[in-house]
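The values are calculated or read from the model by the stated rules, or taken from the named source; none is laboratory data. All values reported here derive from a predicted model rather than from experimental measurement. Positions of Cβ are backbone-derived with ideal geometry, glycine not excepted, and every protein chain shown enters the neighbour counts. These area figures cover heavy atoms from the full protein model, side chains too; ligands, DNA and RNA do not enter into them. Shrake-Rupley method; radii C 1.70, N 1.55, O 1.52, S 1.80 Å.
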Amino acid sequence: MLSFLIKRILSAIPTLLIAYTLVFFIAHATPGSPWDSGGNRPIEPSIKAVLDAKYNLDKPLYVQYTSYLWNALQGDFGPSYRDRTQSVNDIVARFLPVSLKLGAAAMLLAVLLGLPLGALAALTRHPAVDGLIRMISTLGISMPTYVVTSILIVSLGVGLGLVPTFGWKGLFTASSLVPIFSLALAPLAAVIRCFRTSMLEVMNLDFVRTARAKGMKPLPIIIHHMGRNALIPAITVAGSYAAYVLVGSFFVESIAGIPGFGRYFVLAIAARDYPVIIGTTLIYAVIVVVINLLVDLSYFLLDPRARLEQGR
Amino acid sequence: MLKSHVLKAFAIAALFTTALAGPVDAASDKSAFRMIVGEPRYMDPNLAADFAIYVNAQLFQPLARTDKDGNLVLLQAKSIELAPDGRTWKIALNPDYKWSNGQPVTAADWVYSWKRILDPKTGSETASFLSDVENAMDYNKGTLTDAEKVGIKATGEYTFEVVTALPAPQFRAKLALPYLTPVPKAVVEEFGEKWVAPEHMLSNGPYKLVSRVNDQSIVMEANPHYGGAKPAIPRIEMTIASGDQCTAQLRAYEADEIDFTTCVPSQDIARIRGDADLGKQLDPFALAATEWVQFDMRQAPWSDKRVRHALALVIDRQAIVTAVSDGTNRIATTIVPESIPGSNTADALKGSIEGAKKLLAEAGFPDGKGFPQFTISTTSTRERPLIAQLLQQMWSDNLGIQANINVLEANAFRAWVQTRKTEKYDIMINGWWSDYADPANWFGDLVTADPRQNHFTNEAFAEIVKKADAETDPAKRAELYRQANKILEEEQPMTALQNPTDLWMVKPDVQGLAHEGVLNMYHIGEAAFK
Amino acid sequence: MSVLDLAPPRDAGMVTRLWRFIRHNPALSLALAFLLLVLALALFSSFLPHDAYRQNVLVRNSGPSLKYWLGTDALGRDMVARLAVGARVSLTVAVASTIIAVAIGVLVGTIAAYAGGFIDNAIMRFVDSMYAFPDTLFAILFAALIKGQLGGDVSGWMAPLAEAYRLSGGLLGVLLTLGLTGWVTTSRLVRAQVLSLKHAEYVLACRLAGASHWFIIRKHLLPNTLPVILIAVTFVVPNAILLEAGLSFIGVGIDPPTPSWGTMIASGAQSIQSYPHLLVFPALAIGLTLLALNVVGDALRDLLDPAVSASRGAAT
């Protein structure tokens, strides 16, 4: 277990390094200047030169590459060019928590709703119920998120006046309803589909049949025998969505006016705010790596066989 | 055992849902003016060059405003006088105007602020508005390091002088620009770039900054020490939008979450105009701005005037204006808008589609045969891609020439335009918004300085513009620009398409919110709730 | 449907079995029928009463009527014709980018698994880092990069590429973006499958008999990874369609006037309050197509390999 953990953490280092290299060069190769704010007139070359010098953009790329990396390793992700009064660290500290809160609520909703619905779809003898649940789950992954968010805001916000159309007042206000639901839809659909499939598989396993033959009541069988085994694939799927959802979706955040991490990233791209693009991507990569680690760890807890396999 | 689990789960779920379904915030009481704005790139008025000036205008005030007839209406200045040499502007400040902490706004603050704009270390895009000032550009470009030599000097506690390099009549309009405000010297020197934080910032306008959360909100309250008329609305609450602001604003407006929108998305204009209630809340303002198509003048076939004329003559501007704005924008037949002196719509190119075909044939492309396939480049913002598609069809239908469309994301497009200084292109869609109501802003800043990379060179035109720039007699000056305008339209390096109209929507319980100046500023301090 | 065509019928029995499988699965037959309809519309769009590109400002944004069955868009173009041509564009993008993505994924996965050791490690770290990239966001950066580089007047070695880009109406950029970002999951699946086959007895026997690496890969490993590849296809295609819609929303999608479902749905989402039909029909087209593809994918999974069915298909 410990050696597995250490191995995984060590292997994350080259992963992050490659991610850094990729984002660094792609960001710098994308045409556009961070100093162009979109005013009526283009920026004077002399002013551009001064700003470039101030932020070391006049240095050769490899110097920028190494110096940024060196600072990042020490926990300093640099200043934001778009808003020079802020550092990337400030930005992460301000925007990431908003996305994390919404994402956690969305994942919770997806799991709390997805597992029972998936189980119901698997266990029901009623084809209509099964069909309906499958329909919902498939629709959830066949609609672009921005369509769902737009429809919800226009219908619930503008039409019925139930939720605000725009802005962020905190997690426990009506302003978080639309974003949470929009974010939850895709993982919800995936959890339903996945849990239904694996429940169906588990149902035919020997020990479940034995338990049923022994006359155990259905609910305890589901909870003690089937659920636990069927949970592993569902967790894998939820894990693969968790990173996307926790970091925040640009579409949901920009349409619903949520000052979150996902929206900020895209704004940074539009503004060619290199340190923010690189810094936020690295943070995202770390989150993905950590979540994958957590998913793997959850195998240990749920499945004794995985313990054996990884031990080899 | 199981039961307790289930119960717990239910309790948690119930808690969660009730928490989520918490009360919708009731509309705040009518003491606050609510609106949605884009994230200001800079709260520092010395740096703000984009739409941030609209937010900043509630906090910072220039010396004066320009009224409809081009006369100055004094605000922070008590008097502005031009010395007989035609170059020295003597400005006396009104000592009633104070910073939001009660300290007086002094000439030192003004001089410090304007020199800070020019300081190359500041890297401000607004420096060009002071380009007429003696030695200003040398200092800004770094060739002159002594800031004392720049023609801006304090002559007393409340008086200062600005000397222009040449007699520059257009500088009168620039003195009223919202870009040129003071900053509190002591605070800026103490806190550096962080001086704009709400706990440090001092402002000289009707409001002061109370709080700002980046990309989330800006709150302002009346500045108790403001020297002008006290604002009737004590508080402004701005929510920050990014991306498609017009859509966000309209939705919030229709849901009664905000009191004011600064634009209506193109696809909603027809519905709003047709709505009995919402239609009445529309408040259009014709901007002194033009959108056009321009040709790469260095390159064949665009260097051939007949080709440019042919392409210009077959454009159905009414279709464009209808499609992108439901007819609220105005047809533009000349580049320089009618409200700018020197403009003359009589210079507009005249002819028919038949004439256009003949011209194209004369240029060597009968029925478009042999005409190279070309690309129309445009930014993805506003309705430009729609315009590109309309043009594509008009040229294909009428002249038999085929175009591709290349849509670039906003920042990429600006970068692309800049690289056109040396590289080739065919046709692009572009636009210019008046900064100040003076022909120099068009003939000089746009055509001669050529920031849009049109590459129009014409000796007669250049000579007339140069003469006009130095002409102090307004009538003679306007006449010179009128001559320049004739050449510009005859040469047709750019073909005007439309003059945009700003569409505001204002809730019926708000009164006194007026359009101000060529930039169409709003001043919430002058509005009131009924 | 193309996904099924990919499976080479090894013997007549397989075709019959497949036919029986379809007949006994009503959802599947319905899904296949819908996909065939879309395909037919895409192929024969020129037989529709209106042209997808013909503008008429006078009838812009009009709702469904007898003349325009699904209404017209902001420039007065017929929505039926645009949806049909859009189907062609979107499906081309989806299929072509899937081919790129799957080809890269199979190549990378096979090499990694077959070579093992350091090469495997290096490749998998690269795959991990791609995985740790936000999918949509990577695509945005990449699309902006491609558009910026190829969009202008390019000279030098990139000129032919830029010409192809121009001729394709920006399609090439979207296609490359989707292809170069979509291969990650495929490579992981293929690698796992090849790893499990690598030590199979018949492969070992082959190697002992002196067969070349290429021979083993071609004759034994690749054919046996086919089920995994097909399963990968079933979620790469929907993902590509959704991502294309996302790129359009951000403004780095396919250039006008070429219609695609993505660009239509993106502009429809902006018009939702005033002209809902501009959103509803493209959304239905995308939704139903993805639904049908999912049904086909599920069936394919049941048919081929139930064990791998729990694979991810993330779309933000």
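Remark on the protein assembly as shown: A:CYS194, C:CYS206 stand apart, with no other cysteine beta carbon under 4.7 Å. In angstrom, the C-alpha Rg and Dmax of region B:82-196 are 13.9, 42. If r is the Cβ-Cβ distance from C:ALA122 to B:VAL219 and R0 is 51 Å, what FRET efficiency results, to the nearest 0.05? So the FRET efficiency works out to roughly 0.45. Projecting the Cα atoms of B:GLY355, B:GLN498, B:ALA403 onto the charge dipole of region B:289-499 (Cβ charges, centred on the Cα centre) puts B:ALA403 farthest toward the positive pole.
Where only protein heavy atoms count, and the probe is 1.4 Å, what is the accessible area per residue for region A:185-308 in Å²?
Averaged over the residues of region A:185-308, the accessible area is 35 Å².
Considering helices alone, the calculated mean residue ellipticity of chain B at 222 nm is -8500 deg cm²/dmol, with DSSP H runs of length four and up weighted by -39500 (n - 2.57) and normalised per residue.
In terms of solvent-accessible area of protein heavy atoms at a 1.4 angstrom probe, what is the ranking of A:LEU152, A:LEU108, highest value first?
Descending accessible area places them as A:LEU108, A:LEU152.
Surface calculation, 1.4 Å probe, protein heavy atoms: B:GLU338 sits at approximately 150 Å² accessible. The length gained by stretching the chain between A:THR66 and A:HIS224 to full extension, at 0.36 nm per residue less their Cα-Cα distance, is 51.6 nm. Among residues other than C:HIS213 whose Cβ falls under 12 Å from its Cβ, what is the net charge (Lys/Arg +1, Asp/Glu -1)? With Lys, Arg at +1 and Asp, Glu at -1, the net is +4. Can you list the DSSP H helices in chain C whose Cα atoms extend at least 27 Å along the helix axis and whose mean Kyte-Doolittle hydropathy is 0.5 or higher? Correct list, ordered by number: C:79-115, C:222-250, C:277-304.
If you average the sequence gap of Cα pairs under 8 Å that are 6 or more apart and divide by the length of chain A, what percent do you get for the contact order?
27 percent
Considering only C:SER90, A:ILE6, B:ALA168, and ranking their Cα positions along the charge dipole of the protein assembly as shown that arises from unit charges at the beta-carbon of Lys, Arg, Asp and Glu, the one farthest toward the positive end is A:ILE6. Amide H contacts of B:MET521: B:GLU516, each under 5 Å away and 5 or more positions distant or on a separate chain (H built 1.01 Å from N in the peptide plane; Pro and chain starts excluded). Computed with a 1.4 Å probe on the full set of protein chains, the accessible area for A:ILE136 sits at about 90 Å².
Taking every protein chain into account, the accessible area of chain C amounts to 41 square angstrom per residue (probe 1.4 Å). Using the Cβ-Cβ distance between A:THR21 and B:ALA197 with R0 set to 41 Å, the FRET efficiency from 1/(1 + (r/R0)^6) comes to roughly 0.70. Summing charges over neighbours of B:ALA127, with a neighbour being any other residue whose Cβ is under 9 Å away from its Cβ, gives -3 when K and R count +1 and D and E count -1. Can you work out the base-10 log of I(q)/I(0) for region C:78-231 at q = 0.10, 0.13, 0.17 1/Å, using the Debye formula on its C-alpha atoms alone? Rounded to two decimals, the profile gives -0.49, -0.74, -1.01. Here the alpha carbons of chain C define both size measures, Rg and Dmax, at 21.8, 76 Å. Hydrodynamic radius of region B:293-376 by the Kirkwood approach over all distinct alpha-carbon pairs: 14.4 Å. Counting lysine pairs in region B:289-499 that sit 8 or more residues apart in sequence, or on different chains, and whose Cα atoms lie under 17 Å apart gives 13. Here the calculated FRET efficiency for A:ARG209 and A:LEU160, from their Cβ-Cβ distance with R0 = 51 Å, stands at 0.55, rounded to the nearest 0.05. Comparing C:ALA266, C:ALA33, C:ALA205 in a Gaussian network model of chain C where C-alpha atoms under 10 Å apart are linked, the largest mean-square fluctuation is found at C:ALA205. Taking the DSSP bridge list for the protein assembly as shown and keeping only pairs wholly inside it, about 75 percent are antiparallel.
For region C:243-257, backbone nitrogen atoms closer than 16 Å to the point 7 Å from B:GLN402 Cα along Cα-to-C-beta are found at C:257. The simple spin-label model puts a point 7 Å past each Cα toward its Cβ; for B:GLN103 and B:ALA147 those points are separated by 1.6 nm. Hey, if you put +1 on the Cβ of every Lys and Arg and -1 on every Asp and Glu Cβ in the protein assembly as shown, which of B:TRP89, B:THR379, A:GLY157 ends up farthest toward the positive end of that dipole? Working it through, the farthest residue towards the positive pole turns out to be A:GLY157. For region A:88-311, the equivalent ellipsoid derived from the alpha-carbon gyration tensor has semi-axes of 36, 23, 12 Å in decreasing order. Calculated [222 nm] ellipticity per residue, helices only, for chain C: -22500 deg cm²/dmol; basis is -39500 (n - 2.57) per DSSP H run with n ≥ 4, divided by all residues, nearest 500. Residues C:LYS198, A:LYS217, B:LYS98 ordered from highest to lowest accessible area at a 1.4 Å probe: A:LYS217, B:LYS98, C:LYS198. Interface B-C: total buried accessible area of about 2500 Å², 1.4 Å probe, protein heavy atoms only. Straight-line reach from C:LYS219: which lysines have a Cα under 17 Å away, not including same-chain ones fewer than 8 places off? In chain and number order, the partners are C:LYS198.
Rg and Dmax, both from the Cα atoms of region A:69-181 and both in Å, are 19.8, 62. By the equivalent-ellipsoid construction on the alpha carbon gyration tensor, chain B comes out with semi-axes of 41, 36, 21 Å, ordered largest to smallest. The dipole here belongs to the protein assembly as shown: it is taken about the Cα centre, uses +1 on the Cβ of Lys and Arg and -1 on the Cβ of Asp and Glu, and is about 4200 debye.
Region B:209-288 and region A:261-288 have Cα centres lying 29 Å from one another. Per atom type, region C:186-311 shows carbon and sulfur on 65% of its accessible surface, probed at 1.4 Å.
Straight-line reach from B:LYS121: which lysines have a Cα under 21 Å away, not including same-chain ones fewer than 8 places off? Cross-link targets: A:LYS48, A:LYS54, A:LYS59, B:LYS141, B:LYS149, B:LYS153, B:LYS185, B:LYS194.
If you wrap the Cα atoms of the protein assembly as shown in a convex hull and average its projected area over all directions, you get 49.7 nm². Solvent-accessible area per residue in chain B equals 39 Å², computed with a 1.4 angstrom probe and all protein chains kept.
For A:LYS7, the accessible surface of its heavy atoms amounts to roughly 150 Å² (probe 1.4 Å, protein chains only, rounded to the nearest 10).
Is the shape of region B:60-111 rounded, prolate or oblate, going by the alpha carbon gyration tensor and its root eigenvalues a ≥ b ≥ c, with a/c under 1.5 for rounded and a/b larger than b/c for prolate?
It comes out oblate by the Cα gyration axes.
Here the spin labels are modelled as points 7 Å beyond Cα on the Cα-Cβ line, and at A:LYS169 and C:HIS199 they lie 6.0 nm apart. Computed over region C:25-165, the convex hull of the alpha-carbon atoms projects to a mean area of 14.4 nm².
Arrange the residues B:THR495, B:THR381 by how much accessible surface each exposes, largest first, with a 1.4 angstrom probe.
Highest to lowest solvent-accessible surface, that is B:THR381, B:THR495.
Placing dummy labels 7 Å off each Cα toward the beta-carbon, the span from C:ARG207 to B:ASP275 is 7.0 nm.
Of all aspartates and glutamates in the structure, the ones whose alpha carbon falls short of 14 Å from that of B:LYS208, not counting any fewer than 8 places away in one chain, are B:ASP44, B:GLU199, B:GLU221, B:GLU237. Classified by the C-alpha gyration tensor, region B:358-516 has an oblate form. Its axis ratio a/c, with a ≥ b ≥ c, is 1.5 or above, and a/b does not exceed b/c. What number comes out for the charge environment of B:ASP109, summing +1 per Lys or Arg and -1 per Asp or Glu over other residues with Cβ under 13 Å away? With Lys, Arg at +1 and Asp, Glu at -1, the net is +2.
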